[in-house]
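I have placed the structure first, in the form of structure tokens, so that the comments after it can refer back to it.
The values are calculated or read from the model by the stated rules, or taken from the named source; none is laboratory data. Values in this document were obtained by computation on a predicted structure and should not be read as measured data. A quick note on method: Cβ atoms are made from the backbone with ideal geometry, for glycine too, and the neighbour counts reach across all protein chains shown.
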Amino acid sequence: MDTVAAGTEQYQLTTCSSHTACTADIQCGGTGNEVCGTILFEGTTFADSASQCVYKDTCRTLGKLNGSAFQVICHNDNPPDPVPAPADLLENVEILITTGGMGAWAGVQNMKVPSIDNYQTGWWIRDDNTSAVGIYTETDKPVHNLCETNNDCDLDMCCANWPDNNNKRCIDVAQAGTETTIQPFLPFTPTCAVDAGAPISASVDLAAEAQAKAAQAFTDFNALVEATLKENVGHADMTDEEKLEWDEAHAAKMVEEEAAIADDKLKANYSSMSSAAKAVWDAELLEWKKAVFETCEQDLKGIECKKNRDLRVAEEAARVAAGYYDMVPNERDIFDAAQKEEKKKLKATLTAAWVKDNTPAAGQAGSSCASANPCAGENHCCGTATPKGASGSFSFPNVSGNVDGKLENVCADKTVLAFTNEIGIEYSHVCGASKLIATAGALLATVFLM
């Protein structure tokens with residue numbers, strides 16, 4: 001069995017696949033740890049290669065076995081068409097992530113390049129190609145920038161991420177801001193560097209430079225968020241397994257977020273916008289993401305955190321309909337001021353919907369005692385709960401027909417006569433039946449005293 005040198009991230013290399021025959025993911029245990037894939041070698045066809053259950057993190061992995069290039073294609077019975085040649089994919093990765101460029105791995109017989117972090121973690125090369133047991137040694141992916149500033153590039157060219165900021169290249173300025181695909185890397189959008197006090201080139205206007213700056217600021221903020229989250233959870237002190245679990249969960253969230261942003265861009269017709277409009281769109285996206293991060297840091301349970309995506313979709317729809325991104329600053333200010341009331345209404349509606357759809361379980365404060373259901377909680381009484389005030393900066397709409405967000409026929413502690421729900425809404429409570437009984441008791445006492 002092959003091993004790895006000390007200090008390497010072993011889980012990326014040594015986690016074994018079962019290689020059980022399959023045609024779809026569902027046949028691979030159902031735990032999500034394995035998926036259905038094909039290990040395609042150079043010179044073979046997909047149709048002639050067996051499908052087998054492979055460890056999920058080997059998807060899109062490239063490498064060599066005894067000098068023959070291979071790729072791992074995870075397909076769930078939906079293979080790519082056409083299927084790219086493994087040697088071509090490996091060459092593209094070799095050119096971009098190694099300082100040696102094309103031919104750097106020409107003499108290597110056995111190696112693996114994991115796809116984790118878009119092939120940015122590095123690669124492993126087997127040191128012994130003759131014995132049954134060899135040691136794989138990891139090489140961390142180095143910074144490989146062929147430029148640092150736009151002044152390093154020719155006229156009408158700029159220094160841009162290719163695909164990220166550890167792989168900067170001089171590109172035609174017309175290509176900046178356009179989604180680019182270099183297989184097997186994930187699609188990326190190169191943005192020109194913004195040099196202090198210097199234009200990108202004589203033919204590039206300030207709008208293009210502003211857009212590049214806005215796009216880069218968003219990329220930088222994402223990196224800052226990830227670093228902050230890692231520090232908050234103690235990522236550096238985790239085991240390899242814990243790091244893997246956290247990294248995969250974070251990557252899944254980022255994929256989900258990127259898909260949502262792509263949908264926003266599609267609805268806004270982003271690809272057809274001017275550079276100036278794109279700069280505004282990118283800047284507004286960054287402002288929104290910063291606001292969401294800060295909101296959720298302060299109140300993870302609040303409706304503005306829980307429903308941040310719903311709020312953004314509605315806001316973006318209104319902006320696109322009004323031609324917001326082609327407006328001048330003063331026009332956008334007027335629009336934003338007018339939208340504040342609409343935002344308050346939407347937050348109120350989302351709050352009411354959440355309260356209606358998330359009735360607490362029996363025995364908890366706020367649970368239902370309608371339809372002759374008695375309160376199950378100790379010392380609870382059935383009555384009416386009324387919000388103590390506005391949540392954030394908006395009033396409550398009716399919930400189930402009750403005015404001002406009142407909740408009728410709900411349970412709460414009859415001594416405290418107050419409770420707070422999951423999203424932070426504070427309620428005061430009035431017992432219904434117990435109040436009537438107390439009133440009746442007072443009447444009886446009056447009769448006996450007469």
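Summed over region 58-71, the residues that are in contact (Cβ under 8 Å) with a residue 40 or more places away in the chain and buried (at least 20 other Cβ atoms within 10 Å of the Cβ) give a count of 7. Among all residues of region 293-311, there is at least one that is within 19 Å of the chain's Cα centre (by Cα), among the aliphatic types (A, V, I, L, M) and loosely packed, with under 13 Cβ neighbours inside 10 Å.
Listed here are the residues, each with its yes/no results for (1) in the same structural domain as Glu257 (by TED's automatic domain parsing); (2) under 27 Å from Ser272 (Cα atoms); (3) aliphatic (A, V, I, L, M).
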residue	(1), (2), (3)
Gly323	yes, yes, no
Val328	yes, yes, yes
Gln339	yes, yes, no
Lys347	yes, no, no
Gln364	no, no, no
Asn373	no, no, no
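Condition (residue is without any contact (Cβ under 8 Å) to a residue 24 or more places away in the chain and part of a loop (DSSP other than H, G, I, E, B)) applied to region 81-99: is it met by at least one residue? Checking region 81-99: at least one residue is without any contact (Cβ under 8 Å) to a residue 24 or more places away in the chain and part of a loop (DSSP other than H, G, I, E, B). I'd like the residue in region 161-175 that is farther than 29 Å from Ile116 by Cβ and aliphatic (A, V, I, L, M) and, out of all such residues, is surrounded by the fewest Cβ atoms within 10 Å (Cβ to Cβ). Only one residue tops the list, namely Ala174. Kindly evaluate Trp123 against the criterion of being surrounded by 15 or more Cβ atoms within 10 Å (Cβ to Cβ), in the same structural domain as Ile39 (by TED's automatic domain parsing) and either at pLDDT below 85 or part of a strand (DSSP E or B) (or both). Against the criterion (surrounded by 15 or more Cβ atoms within 10 Å (Cβ to Cβ), in the same structural domain as Ile39 (by TED's automatic domain parsing) and either at pLDDT below 85 or part of a strand (DSSP E or B) (or both)), Trp123 qualifies.
Scoring Gly107 on the criteria (1) farther than 21 Å from Trp162 by Cα; (2) touching a residue at least 24 places away in the same chain (Cβ under 8 Å) leaves a single failure, condition (2).
Limited to region 221-247, what total is found for residues that are part of a helix (DSSP H, G or I) and in contact with a helix residue (DSSP H, G or I) (Cβ under 8 Å, 6 or more places away or on another chain)? It would help to see each step written out before you state the result.
So the first thing to find is which residues in region 221-247 are part of a helix (DSSP H, G or I), and the list is 221-233, 235-237, 240-247.
Checking which are in contact with a helix residue (DSSP H, G or I) (Cβ under 8 Å, 6 or more places away or on another chain) leaves us with 221-222, 225-226, 229-230, 233, 235-236, 240-241, 243-244, 246-247.
So the count comes out to 15.
Of everything listed in (1) touching a helix residue (DSSP H, G or I) at 6+ places or on another chain (Cβ under 7 Å); (2) more than 16 Å from Ile425 (Cα to Cα), the single unmet condition for Gly363 is (1).
Candidates in region 135-160 are the residues that are closer than 19 Å to Phe188 by Cα and in contact with a Lys or Arg (Cβ under 6 Å, 6 or more places away or on another chain); of these, the one that is surrounded by the fewest Cβ atoms within 10 Å (Cβ to Cβ) is Leu146.
Entry remark, region 213-247: residues being more than 23 Å from Glu287 (Cβ to Cβ) and either free of Cβ contacts under 8 Å to residues at least 60 places away in the same chain or surrounded by 15 or more Cβ atoms within 10 Å (Cβ to Cβ) (or both) number 15 in total.
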